[in-house]
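Colleague: Can you read through this structure? Questions will come right after.
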Amino acid sequence: MGWFLVVLMALAHGWAIWMGMGGRSGLSNGWPIWRDDHPLYFHSALITRRFLSLTGTTAGYDPSFMSGYAKSVIFPASSTLPELVVAVFGGDHPEYAYKVYVLVSAALIPWLIAWGAGLWNARGRAASIAVLLFLIYVWTDFPINYAGFGMLPYLLAIPLGLAATGAFCRYLERGGVRWWLVSAALMAGVVLVHLTSSMVVAPAAALAYAAALATRERVPGSFSRSRHLGVWLIPLVVLAANAFWWAPGLWLASTKGASDFAFAHPEGVLTRLGQIVTVEAPIESLLWGAGLVGLALLARRERVLGAGLIGFIGAGFFWGYLAGGLRSLDFLQPGRHTYAVYTGLALASALGIAEILSRLAGAGAGATEDRPRLDRWAVLGLILIGLRLFGPAMQASVLSRVAGPHPFLESRPSDRLLWVVGHIQRSMQRGERLLYEEGGFGLPGIPDPFQGGRFSGILPWKTGVEVIGGPYLHASLVTNFTQFGEGKLFGEANWSRSHFVRYARLYRPAYILCWSPWARGFCRSNPDLFEVLDDDGTLLFARVNGFAGDTVEGTAQVEATPGGLVVRDCMPGVDGTVVLRYHSVPCLRTLPPTRWDPVYLEQDPTPFIRLRPTGGSVALEIRFPPKRGRGPGH
């Protein structure tokens, strides 16, 4: 009966995700999900298909944003899973493959919890309780928002990490090739899905290993040398299996820039801990109360498994709560790991509740045949209490996301998205540049013009243009200087005409789409620079005059595609060089070999590509590994 309930709850959760995507029509409407970070992940997946074929890595040159930048694990840091899905299954319909990835990833999490429960020796009843508590937590607390925000890798990584920790504990206890393979594969998969999951899984595995060693001291010969070797081989396997995406981050480390946004909590540690029992979702208090009981019982019965689960929860607690007292750790965005705390506590609570019910049923020591089945009455009581505590919040959460006119994972284009795409397609040519004022945190007193949408990540795929503004305004890259959004143009609010002209000369925009009062007023007050084509009262779309072409100095025709540039018909300027409107990045190579160097212009912290052409076309691509002693120009 317990495993049947697991299947029933997991299918119900999957149905809610399916409805939240708009059902069959939502999957097949030809549009990607356009809210929050989904367009960023979709764009990253699209361009990475080319990178994988060029270099066998997920890194490469992306000319679509920021006047050209090096896409790698440095940014975006957690996009490998959707990139691989779209690369393998995308074909001619990458938006469909991406949405299937979203559906499967979000729907999979209760199944992983059930699997993890089984690895911790939970029977059907305990597994069903674990899945129930986990789903209540996901839907009534914050984690379901990870799906809406596009952070599916993290939503998936923590349940997968729990299963990986359980499999590793099994290997520590039993050894054998089969458990080693399962453990190594899961550990590698967890790191691939989301790098920060290692912040939780690695400490959990280390504590479980320490517990296994302590057991060996009491029982000589219980932990063989081959098992020790297997433990230390797993990190090597994890690193080797994931090298195709993390190694380029080392070679492109100089592209790392500051990020002014992180999942961090400004309030103190004690304040946050107090909020668990005052303002946070009631499920958190329940999980702490029942989870501590479950951990105590598990640690007495199964030392290695107990240590693994304590390590998982403890690591999540440190990062999710205690690290908030160390502002130097904010760049790791540790606050998100409260998700790991309550995922682990859901399992621990289930183990504790199942044990209590088992003892109430008379299955414990001293049971007699005439002992009343108090467990059934206890289950009924728990159900009634649970319905009162969590039923209204659960119902409100699910219905607000799946039953309203706009499901939380819908991809049906809004009227505003159609307006934006329509104007670009009618007015612009492929390869032209659009100054696009992206949304983000917004401006005081001004409603979000895109209604939660982040359209920039869709525009290169849908229209073929290059975009200055997006796909994420707070990218941790040096090239993030070249942004337009949230009322700022290249780092300046309330910019002047001279500021605009200086940088338009570098980035060569052909059109502008803007919404902030200053940007709209600037376009209206400079009719010689901007020819307004449409203004719906919120968005203004205009042609930018005087900055056509692909070069800053000299002339050339540039074909820019994901992976690199092809430069043709070069006519050098007076100094014998051609300066492209595209940024120079590490590991760029020319074919055929052509002299070039990076040149800094204005206050842009990233240099531009300056060629010294000798005739014919030149291709520029990022190639790995970098050649030692060979700098630009060789």
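Colleague: What distance in nm separates the simple spin-label points at ASN545 and ARG426, each placed 7 Å from Cα in the Cβ direction?
Modeller: 2.2
Colleague: Sorted by accessible area with a 1.4 angstrom probe, largest first, how do LEU297, LEU389 fall?
Modeller: Correct descending sequence by accessible area is LEU389, LEU297.
Colleague: So between PHE4 and LEU270, what do we pick up on full extension, going 0.36 nm a residue minus the alpha carbon distance? Intermediate values should be presented prior to the final figure.
Modeller: Details: separation 266, 0.36 × 266 = 95.76 nm, distance 4.13 nm.
Additional length available on full extension: 91.6 nm.
Colleague: Using amide H atoms built in the peptide plane, which far-off residues or other-chain residues are under 5 Å from GLU438 H to H?
Modeller: Result for GLU438 returns PHE484, GLY485, GLU486.
Colleague: A further question on this structure: Give me the net charge for the shell around ALA354: Cβ to Cβ below 11 angstrom, other residues only, Lys and Arg +1, Asp and Glu -1. Working shown, then result.
Modeller: Numbers: positive: ARG123, ARG125, ARG359; negative: GLU355, ASP375.
With Lys, Arg at +1 and Asp, Glu at -1, the net is +1.
Colleague: Could you go through the stretch 381-388 in sequence order and give the Karplus-derived ³J(HN,Hα) for each residue, using 6.51 cos²θ - 1.76 cosθ + 1.60 with θ = phi - 60°, rounded to whole Hz, and x for Gly and Pro?
Modeller: Going residue by residue, I get x, 5, 4, 5, 5, x, 4, 6 Hz, with x marking Gly and Pro.
Colleague: Give the relative contact order (percent, whole number) for the stretch 46-137; include only Cα pairs under 8 Å separated by 6+ residues.
Modeller: Values: 70 pairs, mean separation 15.8, N = 92.
Relative contact order of the stretch 46-137: 17 percent.
Colleague: Extension gain VAL279-SER25, at 0.36 nm per residue separation less the Cα-Cα distance, in nm?
Modeller: The VAL279-SER25 span can extend by a further 87.6 nm.
Colleague: Pop out the ³J(HN,Hα) list for the stretch 423-439 in order, Karplus 6.51 cos²θ - 1.76 cosθ + 1.60 with θ = phi - 60°, rounded to Hz; leave Gly and Pro as x.
Modeller: Going residue by residue, I get 5, 5, 5, 7, 10, 9, 9, 4, x, 6, 9, 10, 7, 10, 7, 6, x Hz, with x marking Gly and Pro.
Colleague: As a test, work out the antiparallel percent of DSSP beta bridges whose residues both lie in the chain, rounded to the nearest 5. Mind showing how you got there, number by number?
Modeller: Values: 42 of 50 bridges.
That works out to approximately 85 percent antiparallel.
Colleague: Could you tell me what percent of the accessible area of the stretch 402-507 is made up of carbon and sulfur, with a 1.4 Å probe and every protein chain present? Before the final figure, lay out the partial values.
Modeller: Details: 2060 of 3950 Å².
Here it works out to 52 percent.
Colleague: Would you mind working out the accessible area per residue for the chain, using a 1.4 Å probe, and quoting it in Å²?
Modeller: Working: 26400 Å² over 634 residues.
Value returned for the chain: 42 Å² of accessible area per residue.
Colleague: I would also like to ask the following. Between rounded, prolate and oblate, where does the stretch 528-571 land on the alpha carbon gyration tensor, with a ≥ b ≥ c its root eigenvalues, rounded for a/c under 1.5, else prolate if a/b exceeds b/c? Walk me through the numbers before you get to the answer.
Modeller: On the way: a/c = 5.03, a/b = 2.00, b/c = 2.52.
Oblate.
Colleague: Now for a different question. Can you figure out the FRET efficiency of ALA253 with ARG612, using R₀ = 30 Å and their beta-carbon distance, to the nearest 0.05?
Modeller: Details: r = 28 Å, r/R0 = 0.92.
Working from the Cβ atoms, E equals 0.60.
Colleague: To make sure I understand the rule: partners must be aspartates and glutamates, Cα under 12 Å from the Cα of LYS99, and not fewer than 8 residues away in the same chain. Which ones qualify?
Modeller: Excluding near neighbours in sequence, the set is GLU410.
Colleague: Then there's this: Mind checking the full-extension length gain between ASP415 and ALA214? Use 0.36 nm per residue of separation minus the Cα-Cα distance, one decimal, nm.
Modeller: Details: separation 201, 0.36 × 201 = 72.36 nm, distance 6.36 nm.
So the extension gain works out to 66.0 nm.
Colleague: Now, a different point. If you take every residue apart from THR577 with its C-beta less than 12 Å away from the C-beta of THR577, what net charge results, scoring Lys and Arg +1 and Asp and Glu -1? Can you show the working numbers first?
Modeller: Details: positive: ARG595, ARG610, ARG612; negative: GLU553, ASP575, ASP597.
For residues surrounding THR577, the net value is 0.
Colleague: For helix 282-301, report the angle its Cα long axis makes with the longest principal axis of the Cα atoms of the chain; keep it between 0 and 90° and round to the nearest 10°.
Modeller: 60
Colleague: Now a separate question. Tell me whether the chain comes out rounded, prolate or oblate; compute the Cα gyration tensor, take square roots of the eigenvalues as a ≥ b ≥ c, and use a/c under 1.5 as the rounded threshold. It would help to have the intermediate numbers written out before the result.
Modeller: On the way: a/c = 2.57, a/b = 1.75, b/c = 1.47.
Note, shape of the chain comes out prolate.
Colleague: Once a ≥ b ≥ c are taken as the square roots of the eigenvalues of the Cα gyration tensor of the stretch 248-318, is the result rounded (a/c under 1.5), prolate (a/b larger than b/c) or oblate (a/b not larger than b/c)? Working shown, then result.
Modeller: Working: a/c = 4.15, a/b = 1.48, b/c = 2.80.
Oblate, because a/c is 1.5 or more while a/b does not exceed b/c.
The values are calculated or read from the model by the stated rules, or taken from the named source; none is laboratory data. Fair warning: this is a prediction, and the values are worked out from it, not measured in the lab. Please note: Cβ atoms are built from the backbone with ideal geometry, for glycine as well, and neighbour counts cover all protein chains shown. Ligands, DNA and RNA are stripped out before the accessible areas are found, and what is left, the full protein with its side chains, is counted by its heavy atoms. Shrake-Rupley method; radii C 1.70, N 1.55, O 1.52, S 1.80 Å.
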